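Worksheet for the structure shown next.
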Amino acid sequence: MIAHAECLQMRDMPGESRFYSPDILPRLQSVLAALADIDVAHEKNVTRVASSAMDDDRKRDMIGKLQHDHRERRIPYVAELMALRERMDATFG
């Protein structure tokens, strides 16, 4: 992971003593795992609808709703990722 590599590089720099807060990496992993779960579930749902026997208009409507719901479910996790990034930037900024 790039963030982890950056942290290791900072540790090796002479005179530098800044480190990520110990809660950042586990929280980052947790948020990324949640996003991956959301994305996998979404892809399965879209595939199931797309391969169903219903008419194309109904499929389009259902897939559109699935995409909308998918975006909505991701919003808080993406916001948390941005907040974590800001914390990391502040550490090394």
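Some values worked out for this structure:
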read-out	value
Pairs with Cβ under 8 Å, 6+ apart, first in region 20-37 and over 23 Å from D69 (Cα atoms), second modelled with pLDDT under 95 and of a type in the set (S, T, Y)	Y20/T91; S21/T91
Filtered residue count, region 55-93, keeping only those that are surrounded by 12 or more Cβ atoms within 10 Å (Cβ to Cβ) and not in a helix (DSSP H, G or I)	0
Residues (out of contact with any Lys or Arg (no Cβ under 7 Å at 6 or more places or on another chain) and touching a residue at least 12 places away in the same chain (Cβ under 8 Å)) located in region 70-93	H70, R73, R74, Y77, V78, E80, L81, R87, M88
Long-range neighbours under 7 Å by Cβ, at least six apart or interchain, first residue within 14 Å of E43 (Cβ to Cβ) within region 55-68, second of a type in the set (V, I, T)	I63/V46; I63/V49; L66/V46; L66/V49
Count of residues meeting criterion [assigned to a helix (DSSP H, G or I) and either of a type outside the set (G, A, S) or within 25 Å of T91 (Cα to Cα) (or both)] in region 42-54	8
Verdict on D39 being part of a helix (DSSP H, G or I), closer than 29 Å to A79 by Cα, acidic (D, E) and modelled with pLDDT of 95 or more	yes
Number of the exception - G15 against (1) modelled with pLDDT of 90 or more; (2) on the phi > 0 side of the Ramachandran plot; (3) not aromatic (F, W, Y)	(1)
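The values are calculated or read from the model by the stated rules, or taken from the named source; none is laboratory data. Owing to the predicted nature of the structure, the values given are computational and were not obtained by experimental measurement. All Cβ positions, even for glycine, are placed from backbone atoms using ideal geometry, and neighbour counts span all protein chains on display.
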